[in-house]
Ligand code: GLU
C-alpha cells in the first residue's frame, strides 16, 4: 500500500470512530460516548424530526424518547453504540413492529385499544395531552371548537388526527406525514393551526427559527399515554421493558431526562407524571 492509500485508510478509520462516538447519544448519565458496543444489536423506531423528543441532527440523536429508549436498551443488554435508530413516522409504527423491522418503538406513541389489536405496549412512561399550535399573532383560535371552517394540520395515523376527524367534523383537517411538515405549513400560512401532543408542539415553538413566531394555545383536550411499542404477544419482552421503565423512574434518570429535554422549551409535565406503568398482559 502506498503512502497515499494508507492516508486514506487512516482517514476512513478516524471517520468511522467519529461516527461511532456521535451515534452513541447520551442516556442521561453523560458518559454514553465512552461506552463500548456489546454486540447485542437492537433496532429502535423513533421520530427524527421532533425537537425535545426524537431529533436526528447529522448522526446525533437527542430527545426524551431517545433517552428513554437508550436507558431501556441498556437494561436489555445493549449499549448506546449497539442501537440502530430507524425513522418511524406515525402511520408506519404498527407495520414496522409487526414486520420485525424494529424491535421496539419509542416515538410519542400513545397506548390505545385500537393499536393494541396489532401491537403490544409497555408503559405508560409519560403522559402528554393534545393541544394546538398557532402563529404568534393569532387571536381567534382558542381551542378545537374555534377551528370550524379553518385548516388544521395533523399527521396521518396519529391519535390527534383521529380525534379531530371524529369529534370536530366541521374542521378542515389536513393530514401530512410528519409534524415538521405541518409546522412548515403553519409558518407559510398553508394551514391555520397544527394539532398534536403538547410536548411536540412546545418543542417546535422553542426552536430558534420559530421563536416569537409560533405559540402553543395551552389548553389540552386529551390524555396521551406514551407507551413503548413491542411486537404483539411478546410478554417476556414487555415485562423486561416495564421493569426498565420502573427503574428509570425510581433512580432519577427519568426526571433528569425530563429536565434536560423539556427544560429548554419550558414545558412542564402535567400532574400524573411520572405515571405508573401498567401490568403486561
Ligand atoms: N401521541 C400521538 C400518537 O401516538 C401523537 C404523536 C405522534 O403522532 O407521534 O399518535
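The values are calculated or read from the model by the stated rules, or taken from the named source; none is laboratory data. Keep in mind that what you see is a predicted model, and the values were worked out from it rather than measured. Cβ coordinates were reconstructed from backbone atoms using ideal geometry, including for glycine residues, and neighbour counts include every protein chain displayed.
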| message | Considering only residues that are under 13 Å from the mean Cα position of the chain (by Cα) and within 11 Å of the ligand (Cβ to nearest atom), which ones fall in segment 174-212? | response | 178, 179, 196, 197, 198, 199, 200, 201
| query | Looking at residue 68, is it more than 15 Å from the ligand (Cβ to nearest atom) and surrounded by 22 or more Cβ atoms within 10 Å (Cβ to Cβ)? | reply | no
| message | So residue 211 ticks every box in (1) at pLDDT 95 or above; (2) loosely packed, with under 15 Cβ neighbours inside 10 Å but one. Which box is left unticked? | response | (1)
| said: I want to confirm something. Restricting to segment 145-167 and keeping residues that are over 19 Å from residue 190 (Cβ atoms) and touching a strand residue (DSSP E or B) at 6+ places or on another chain (Cβ under 7 Å), which single residue is nearest to the ligand (Cβ to nearest atom)? | reply: 159
| remark: The correct count of residues that are in contact (Cβ under 8 Å) with a residue 40 or more places away in the chain and within 19 Å of residue 36 (Cβ to Cβ) in segment 74-111 is 11
| request: State which residue is surrounded by the fewest Cβ atoms within 10 Å (Cβ to Cβ) when the search covers only segment 39-65 and only residues that are more than 11 Å from the chain's Cα centre (by Cα) and not in a strand (DSSP E or B). | output: 58
| field | Meets criteria (in a strand (DSSP E or B), under 22 Å from residue 88 (Cα atoms) and over 15 Å from the mean Cα position of the chain (by Cα)) for residue 120 | value | yes
| task | Tell me which of these residue 231 doesn't satisfy, since it passes every other one: (1) away from the ligand (no atom under 16 Å from the Cβ); (2) over 18 Å from residue 54 (Cα atoms); (3) free of Cβ contacts under 8 Å to residues at least 40 places away in the same chain. | result | (3)
| request: Only one of these is at pLDDT 95 or above, out of contact with any strand residue (DSSP E or B) (no Cβ under 6 Å at 6 or more places or on another chain) and surrounded by 15 or more Cβ atoms within 10 Å (Cβ to Cβ): 107, 184, 120. Name it. | output: 184
